[in-house]
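Take a look at the structure below.
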């Protein structure tokens, strides 16, 4: 039975729900609800105003929602803009103040009968634009040229935020749906993900059955994501004159030893865990070193610090890893007769969902229906709000959104205009599939 998705720009996509799907990497996805889900989606039509969708994306990009206290910038204005769009759809936006000028904004949309709850999630902040002279287009101009919408946050991820809002409205206007849809734009994803942590802490995830994080992933449905550990190691020795180092205990010697030991630990763990199919290797990356002052380079410092960014794959247990690092630095401390303190700044375990999970299957079928060809499965090389939402609430999440996988945080960031429109259609279709299920996988 054929169906159509109608856009205001006269795009018409006809598809059959009885298409076959061939997995591109020879790992077939089989779900026992496939036939029921496809049959159940045989009578709805999705229609939305694609001109308004693109214009709203431009409106969001033109708001510089960088968190920069020196410039007086934060997420307040963009959250208010999103809230106003929610009101225009007839929803009631709710605001949670995560920090001054940094609100989460979300809406809960009730269906007309019982069913599961699907959440669409995005973040409202963007990273700094850097030097505007490195851009070919105004970083906050939201210009459209060559079929692309240019600007900071165009891909990461204001196009995803716009598409998810319009998709939820499309589902509502389709006439009938079971369950609930939660649409949330959270603050501080580009920082310490305080918005996602606050969202869970307030109980906003209660009753949610699945989350689609609308981050740019280049057409991939990312059902796995790397974990992240942020570590700080402090070294305390004894300061001395550079001409008489024997009068003190140099923490920099210990820093050098720990750097070498962490490199050895990385090699050991990479050999033990191997390459993940979608995520590759785990990495232990020292990122910041601090000790002494150049103005007094004849002074051997008494204190030093190191920051380490660790990216893990699902087979790595974070608690065990921290124990290993603590043991490693304790041995170095004894050898150099100094004191060390290890602090875990942030802990985001890896996310891993089965390829046959209903959330994955719903997106898979929806993408194939809209695009006429199957997507690919993939993994998130960094971390998203989904990492926090899943690890702290237990709710499964996948990452799938418009924009290139590697374009984020670069000058001349862009998103293809057609992708914004197509992903909106995929989100709406996937919501119908997911919400129309009678059973959720355990």
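The values are calculated or read from the model by the stated rules, or taken from the named source; none is laboratory data. No experiment lies behind these values; they were computed from the predicted model shown. Here the Cβ is made from the backbone with ideal geometry for all residues, glycine too, and neighbour counts use every protein chain on show.
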Within region 387-408, the count of residues that are touching a strand residue (DSSP E or B) at 6+ places or on another chain (Cβ under 9 Å) and outside any helix (DSSP H, G or I) comes to 12
With the structure loaded, tell me whether residue 394 is over 30 Å from residue 116 (Cα atoms) and either outside the structural domain of residue 209 (by TED's automatic domain parsing) or without any contact (Cβ under 8 Å) to a residue 40 or more places away in the chain (or both) or whether it fails that test. no
Among (1) closer than 28 Å to residue 425 by Cβ; (2) modelled with pLDDT under 95; (3) within 19 Å of the chain's Cα centre (by Cα), the one test that residue 374 misses: (3)
Somewhere in region 179-198, is a residue buried (at least 24 other Cβ atoms within 10 Å of the Cβ), out of contact with any strand residue (DSSP E or B) (no Cβ under 6 Å at 6 or more places or on another chain) and under 24 Å from residue 89 (Cβ atoms)? no
For region 373-385, state whether one or more residues are under 30 Å from residue 231 (Cα atoms), assigned by TED's automatic domain parsing to the domain that holds residue 217 and assigned to a helix (DSSP H, G or I). yes
Name the single residue, out of those in region 404-418 being under 14 Å from residue 138 (Cα atoms) and in contact (Cβ under 8 Å) with a residue 24 or more places away in the chain, that is surrounded by the most Cβ atoms within 10 Å (Cβ to Cβ). 413
Going by what's in this entry, would residue 47 be described as over 30 Å from residue 132 (Cβ atoms), at pLDDT 95 or above and in contact with a strand residue (DSSP E or B) (Cβ under 9 Å, 6 or more places away or on another chain)? no
